[in-house]
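Undergrad: Would you mind keeping the following structure in view while I ask a few things?
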Amino acid sequence: MSRPIRLVAPVVLPCDPGCSVLRDAVVDIDENGRITHVGPRATAPAGSAPVRTLPGALLPGLVNTHAHTPMIVLRGMGGDLPLMRWLQEVMWPAEGRLRASDVRTAMTSGCIELLRTGCTTSVEMYFFTDAVIDAVSAVGSRVVLTPGIIAAPGWDRLGSWERMRDDVSARIDAAGLRSGPAERIELGYGPHAAYTLPPHALASVAEHARARGALMHIHVAETTEEDRAQRASHGSVPALLDEVGALGGRVLAAHGVHLSDDDIALLASRGAAVAHCPGSNAKLAAGIARVTALRRAGVRVGLGTDGPASGDDLDLWAETRLAGLLARVAAATPRRSPRRSCS
Ligand SMILES: [Zn+2]
């Protein structure tokens, strides 16, 4: 319980389907922390709640759709390497030395950095689940936590991929998909990628996720080199995921840089979403995702920073600007694509 309050701002963006821009507007919040009214001040209902006047624009908290925020402590390491060498030679050995207490401290610091730039929710793929939950709970932000599930050199110190999968399932079965104050913690599954898990593992993890209505969050087609074998044997990573039945539930594909027209149509037909990470993709020279084509096909696209070790920071506003600029570069035109709804 908290005290009701009326927020007043020069600009309020409710982020409704029509992308409304309300000038000199109010947002009323009740004693349960729920929004009860949004609209122009001139037509707002009378009330006795204290008024707090804010500068600038007032809008919902941003959602970072792909992050490994605890990697904040690895920021800057191996910055000039391509993805696979960066992972195998620098990141995975460094992460092998992290303990739960390191992750708790790193996630706490990262949550504050996210909040500083307006991001109240992040979709995280990381390890040491309790440490991440502790940090988010302490800071007061929100997380969709998809603990990493991986079968790659060095990661067996945390157990087999089956054990990682079962740990998530056991947590959801015991406490539900969402838990904590105001259900600020949501659990899902984070199979790392098609190049770090065998096809039967992807199928199994997807089955566990689907059975529980949980999100499956996976790196997809970030670079051409990472999943060369999957492309050779299955045509593409989305085709492989579909072949093993992994695209049937709530699926969030991180990056999705190297997608053909068929891949995009497949993701659209299965209702999968894509987390677009332009900063990370640019730094690792992974390429420019086909965001305009994805949106035109009806695929839901969110923005992500990726881990702060590859993306350098956790600022979604910087990603927003970069996404717009790179879309123009990719289309070779400064004209924006036709306006779509905000939903
Ligand atoms: Zn990532």
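None of the figures in this text is laboratory data; all of them are computed from the coordinates on show. The shown structure was predicted, so the numbers you read here are calculated from the model rather than taken from an experiment. Virtual Cβ from ideal backbone geometry, glycine too; neighbours counted across all protein chains shown.
Undergrad: So what's Rg/Rh here for the chain, counting alpha carbon atoms and using the Kirkwood radius for Rh?
TA: 0.98
Undergrad: Here's a follow-up. Compute the label zone of D80 within segment 300-325: residues whose backbone N is under 19 Å from the point 7 Å along Cα-to-Cβ.
TA: Residues passing the 19 Å test: 309-312.
Undergrad: I'd like to compare 39-47, 101-109, 117-125, 189-197: which one has the highest average count of other Cβ atoms within 10 Å, and what's the full order after that?
TA: 189-197, 117-125, 101-109, 39-47
Undergrad: Working out 0.36 nm times the residue gap between A182 and D167, then minus their Cα-Cα distance, what length gain in nm do you get to one decimal?
TA: The span from A182 to D167 would gain 3.1 nm if fully extended.
Undergrad: Starting from the Cα of R34, move 7 Å in the Cα-to-Cβ direction to define the label point; list residues of segment 101-145 whose amide nitrogen is under 16 Å from there.
TA: Answer for segment 101-145: none.
Undergrad: Can you pull the one-decimal nm distance between simple spin-label points at D134 and A57, each 7 Å off the Cα toward Cβ?
TA: Output for this residue pair reads 3.8 nm.
Undergrad: Listed highest first by mean packing, meaning other Cβ atoms within 10 Å per residue, what order do 239-252, 128-141, 3-16 come in?
TA: Result, highest mean first: 239-252, 128-141, 3-16.
Undergrad: I would also like to ask the following. How much length, in nm to one decimal, is gained on full extension between E225 and V90, taken as 0.36 nm per residue of separation minus their Cα-Cα distance?
TA: Length gained between E225 and V90: 46.8 nm.
Undergrad: Just want to confirm a number: the relative contact order over the chain, from Cα pairs under 8 angstrom separated by 6+ residues, in percent.
TA: Normalised by residue count, the contact order of the chain is 16 percent.
Undergrad: Which length gain, in nm to one decimal place, applies between A42 and L325 when the Cα-Cα distance is subtracted from 0.36 nm times their residue separation?
TA: Extending this stretch completely gives an extra 98.1 nm.
Undergrad: Let me ask something else. Note down the nm distance, to one decimal, between modelled labels 7 Å out along Cα→Cβ at D24 and at V11.
TA: 1.7
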